[in-house]
Amino acid sequence: MPVAQRPKRKSKAKEDPPAQRRATRSLRDDSDDMDQAEPASEISLPEIDDPMDSDFEEPKVTRGKRRGRSAAAEQSYTKKTRKGTAAKEVAKKRVEKGTEDDGSLFDIVRSNKTALSSVVDDWIELYKQDRDTALLDLIQFFIRCSGCKARITAHMYHNLEHTEIIRKMTEEFDEDSGDYPLILPGPQWKKFRSNFCDFIMVLVRQCQYSIIYDQYMMDNVISLLTGLTDSQVRAFRHTSTLAAMKLMTALVDVALNLSINLDHTQRQYEAERQKTRSTQASERLEMLMAKRQEIEENQEEIRNMLTYIFKGVFVHRYRDTQPEIRAICMAEIGVWMKRYPGMFLDDSYLKYVGWTLYDRVGDVRMCCLKCLQPLYESEELAPRLELFTNRFKERITEMTLDKEYDVAVHGVKLVTCILNRYQDDVLNDKDCENVYELVYSSHRAVAQAAGEFLNTKLFSREPDDAAKMLKTKKGKKRSENTPLIRDLVQFFIESELHEHGAYLVDSLWDINDMLKDWECMTDLLLEEPGRGEEPMDDRQETSLIEIMVCCVKQAATGEYPVGRGPNRKLTTREVKQVQEDKTRLTEHFIVALPQLLAKYNVDAEKVANLLQIPLYFDLEIYTTSRQEKQLDQLLRHIVDIVDKHTDSEVLENCSKVLDNLCNEEFAVSGKCNVARSTLVDSLVEKYKEAFQDFFQEGDEPDEDDAYALMASLKRIYAFYCCHDLNAWNLWDSLFSIVHGGHEGNAIPEEIICKAIACCSMAIMWFLSSLDENNPDKAQVKHLKKLLHNFMRTCQGLLYHQRDTVQEEAYITICDMLVDFCRHLASNPVMEPLVYEPDKNVQGQLSGFLNDKVFVEEEDDDMDENQKIEELHKRRNFLAAFCKLVVYNIVNIKMAADMFKYYMKFYNDYGDIIKATLGKSREINKVLTAKTLAISLTQLYTELLEEQSPAVDRTCQAFQSIKELARRFSLSFGLDQIKNRDAVAAMHKEGILFSFTRPEGRDYANVGFLEILSEFTSKLMRQDKKVVLGFLDKQLLGHGGVEKSEGWGALLSYRGGLEHDGTAQQMRPPASRRQAKGAKRRLPVEEDAGVAQGEWMIKETRTPARGQPLTSTVIKRRRVDVADNVDQESVSEQGTEAGSEASSERDFESCGEASQLSWLSSQRRQRAARRRLDTSYTRQRRVTSRHQQSEPAPPPEEDDSPNDAGSIEEFESPPPPPVPRSRSPRLMRAAHNVRCAPQRIFYCLEGLSDKSPQIDNASSLESVS
């Protein structure tokens, strides 16, 4: 081992020249490649003087000296000798039998049935008896753990260098798949990885007293692992890197033990030396000096081993191409720095962690952060990171905004540790502000980590004496949380995100208890400030009320804010805590809330927030604590607020509070019902007065009349949302307002919109009041009449001159269609209420989207907030229509106008359109495919009208249509069998459209076939022939198409169909091993009839792009094509069924023929025309001979079961002949593979009674 100044030791061992030379040369060669090579020294192989020198004894004082054994030791020696002999015999048998024996180290560790300490004991006993056999067993263990099943023989071990052995194993590595034990899924292999690491740790721990210093075992193991880490085989590299890093971690533990023993020995030596001469024991001093010297030698040797492994393995593998290997290096170096900071916590090692913070893979970056966090948390280690912190502080703060949430969470935690350790000396205000904003993150883990940082920065200080002595003007002592609440309010104001107070509260909820200090918050709002205390301004009071309401909601429900993860089921402990918090806040706010409402009853924003608090009360406390007086005050304040305010949010919150208080489950409902009825009576009376004043005959309504009517309608609508007001007979007057707006009367648009909303709520309350089991027929008939009149009027309002009226009518129609769709027909009595939109209504709704949603923003001067609000409104319009498509209320084809804007408005509506497309496929795949075809043909037709008489296929508009088609093609997925009929329908619609002749332009649509080529890769291999036949049929009936501008597109599309599909579809890799007994032939012998030029083309064909190889090892094997025709067919079938593992990029380079450019290839075009004419003539001849010699194929057109656009509409190719010179088994397999498509075609045509029917056949019949 090439370590510097290694002391030579006396040894009586028998030399093993091959093994010694192998270890020496291997380590020397590896060391020469390092940047800082150390002078090599000879490796002496000490003899194992005494088999009794067990690795489990206490450390020896001297080495190379034999000590006498007692009788007990002799008896123990005999037993251990027998045990070692038995272990030696087992190991020899294991090596001779190879890797299939269940007794190998690999199988023992994998089975997890034996304690690892016992396994290591047996190996150590074997090593004492025959170290070559034991080491060969250990080397074979590492090879097997890498997934290589090759066997290392004793001859190879004694005569080959490690590099030659690795090369031999690489050549024999059978990588049928890219899997190996460390990456295999399942609990068994996950446990194996843990056992593999533990085995290495236990091995070093139990060999730490003698064997690891014999300059044989460790030298060979390190040499082997270092060589394997340089292998091009990923499995070797990954496994050996993990082993080397765990070996280094184990050696770090050994070094720690040596340090402890050295300190202990040094103290003993100093204590003995300080004794007087009369009491000193010279022999003990000599023994302690010898022991100290040996420990120092061992410590130096361990440090040399660590340095060699670090330079030979870590320095190269920390930047490996595989992220798993880089992550292993970063995880282990963190362990070394924490356990052995004297050697590794240095800038020369920390720099590797800092560089890897910029890694492209999130898992590696996260390992770096996990590595640094314990170092900053330690008070002793953190001061040594000052230089590293100054160098990489900017990168660490950037990682708080990492795109991967787990990395961002650990980044924030690391920044928090830096803040705790260095306070404000390292992080400036800008660094802190970047973390502050994360408390509003939608990801809860990131927000909570940022909340911890915010709490550490602002809310962790101890209150000073002045804060503890704060009192109100009346002398009431302030809470200690008062300064913190003030700081929280100020932070919320400065963040300027006032609509996300719930996010701020949730970020700090589990961190700081000040958010549950209700008394402190209400005192700040109700009590006047005392001496030395600043009063809160209006903005601070508004922000405090918003924060307080968010705290009340979080405490009473225990739910996360909307947008921060799904609703979860609370644990028993959490339910108990929520109930306690709800009781406490109810007891406090029953008294405080009326006072707050009385103080702020004229401020709409504050009142709207305060009225949310009663929704979370435990209403039983009103009765149990005798607080009826407080309830009366609350009801009076609600009535007063409804009378004073016209703000929609305030009125709706008042309505919700009354609805909650009138719940019949509580004893206070009776009193609240009386208050509600009284309030509604007054509201209805005021509304009727305002209605009469506005529509009084002979007088034109003025602004006061319009304002009074509008205010009354707002109050009526707010209470209609939560309470049934149909008993007050408001329908006639409300509908008259809506009808007047339809008739064109001079009614303000706000009044019309509010009346429409009130009418829709009235209809819903009518529906809700019906008895589902036995409804009154008269009521059903009356409701049906109201519904149809209302829907008819709303349809007319879609053409109103005011945009707001159109939008309200559109939303109302969509909501009514959902509420009265076919689901009501499940109850036969309710079936008359089903309202189905006709084509006119569907067209109106689709036209509304084109006019209001899919429009370009022209107003650049609009404020950014207004743009966001407008976009949100348009997204709601689109979502309302998409609900009709998803629930199958409108025809899927009506979505064609929406799908064609998928790419153009992808940033604004891409998620909604994509989700709608997926749901539409669940309803009917074929009809959805036809709808996509309609979208593409509409865009092509629009482009043709702009560029008449022909489409320029090189323009940007045409390329955008092709990009849209490519996105549609990718949306079909990779399951070709599942989407077979849908893809066929797409091709049929496209071909039929291509051969239609627009007025005045012959064959102008043929260029559409270039767009249709994007879907060629989705056809199954046998279906391409069927579609090709259908295309040829269309060509035979359209003469002169070859003279059109789109002839190149036709050739391109036809070329893609003629391709056999091997380039488009993922094929399983050919076996790297040739079958036994298979005769290898020269390529010329494969097919004697193949010309030399054709053979050269076949041999130099570029393979299709597939998944990236998991290994860089390339082994070339000849494949006998003539003997593997059937296997090729089977592999293609398997590819079609198992192509799920591919990705979108597999289709990016598919079908080179489909990308043929007619403009740049005139010569190739003329040659293709001649071949096409020749193929037509040859096809007719073959068809005539086929009809004379064979029975006619079953008719397609007459027996076609439906018109669903499925593959059965195309012509089926005749089945290929089955080779006869095979075994019966192969013949049956080949027949099943080749004839399966033909049976599917006949099955779809209804011509084969014996073949199984396809599931889609029945569903397709209903589509036509």
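The values are calculated or read from the model by the stated rules, or taken from the named source; none is laboratory data. Just so you know, these numbers come straight off a predicted model, no measurement behind them. Counting neighbours? That spans all protein chains shown, and the Cβs are built from the backbone with ideal geometry, glycine included. Note: accessible area is taken over every heavy atom of the protein model, side chains too, but ligands, DNA and RNA are not part of it. Shrake-Rupley method; radii C 1.70, N 1.55, O 1.52, S 1.80 Å.
For the pair TYR906 and ARG193, label points projected 7 Å from Cα toward Cβ lie 3.5 nm apart. Legend: residues TYR216, TYR906, TYR422, sorted from most to least accessible area (1.4 Å probe; ligands, DNA and RNA excluded), read TYR906, TYR422, TYR216. How much FRET efficiency would the formula 1/(1 + (r/R0)^6) give for ASP975 and ASN773, where r is the Cβ-Cβ distance and R0 is 51 Å, rounded to 0.05? Efficiency, from the Cβ-Cβ distance: 0.70. Given a 1.4 Å probe and every protein chain left where it sits, what share in percent of the accessible area of region 384-460 is carbon and sulfur? It is 42 percent, rounded to a whole number. Each of LYS839 and ALA711 was given a label point 7 Å from its Cα along the Cα-to-Cβ line. The distance between the two points is 5.1 nm. Accessible surface for region 905-963, divided over its residues, is 44 Å² per residue with a 1.4 Å probe. Semi-axes of the equivalent ellipsoid for region 202-304, computed as √(5λ) from the eigenvalues of its C-alpha gyration tensor and ordered from largest down, come to 39, 11, 9 Å. Ligands, DNA and RNA aside, HIS410 has an accessible area near 40 Å² when probed at 1.4 Å. Treating r as the C-beta distance of GLU296 and ASP424 and R0 as 56 Å, the FRET efficiency rounds to 0.80. ILE934 contributes an accessible area of around 50 Å² to the protein surface, as traced by a 1.4 Å probe with all chains present. In this structure ILE396 has an accessible area near 0 Å², from a 1.4 Å probe over the protein heavy atoms. Here region 694-733 exposes an accessible surface that is 43 percent carbon and sulfur, computed with a 1.4 Å probe and the other protein chains kept in place.
Sorted largest first by accessible area at a 1.4 angstrom probe radius, with every protein chain in place, the residues LEU570, LEU658 fall in the order LEU570, LEU658. Between region 118-161 and region 674-727, the alpha-carbon centres lie 93 Å apart.
Computed extension length for ARG584-ASP643: 18.1 nm, one decimal, from 0.36 nm per residue of separation with the Cα-Cα distance subtracted.
For region 819-976, the fraction of 1.4 Å probe accessible surface lying on carbon and sulfur atoms is 46 percent.
On a per residue basis, region 322-415 carries 42 Å² of accessible surface, using protein heavy atoms and a 1.4 Å probe. Ratio of Rg to Rh for region 438-550: 0.97 [Cα atoms; Kirkwood radius as inverse mean 1/r over pairs].
Rg of the Cα atoms in region 632-703, relative to 2.2 N^0.38 Å, amounts to 1.38. Ranked from largest to smallest solvent-accessible area, with a 1.4 Å probe on the protein heavy atoms, LYS978, LYS275 come out as LYS978, LYS275. Note on region 501-624: dipole from Cβ charges, positive end direction compared against LEU504, GLN595, VAL607; the farthest Cα belongs to LEU504. Summary of the geometry: region 866-935 and region 344-393, compared by the centres of their Cα atoms, lie 49 Å apart.
Rounded to the nearest 0.05, the FRET efficiency derived from the C-beta distance between GLN956 and LYS473 at R0 = 56 Å is 0.20.
Over region 587-671, Cα pairs under 8 Å with separation of 6+ residues give a relative contact order of 36 percent.
Projected label points at GLN266 and GLU494, each 7 Å from Cα along the beta carbon direction, are separated by 5.0 nanometres.
Its relative contact order, with pairs defined as Cα atoms under 8 Å and 6+ residues apart, puts region 809-910 at 34 percent. Length gained on full extension, GLU462 to MET201: 89.3 nm, using 0.36 nm per residue less the C-alpha separation. Each peptide in 775-782, 673-680 gets a packing score, the mean of other Cβ atoms within 10 Å over its residues, and the list from highest to lowest is 673-680, 775-782.
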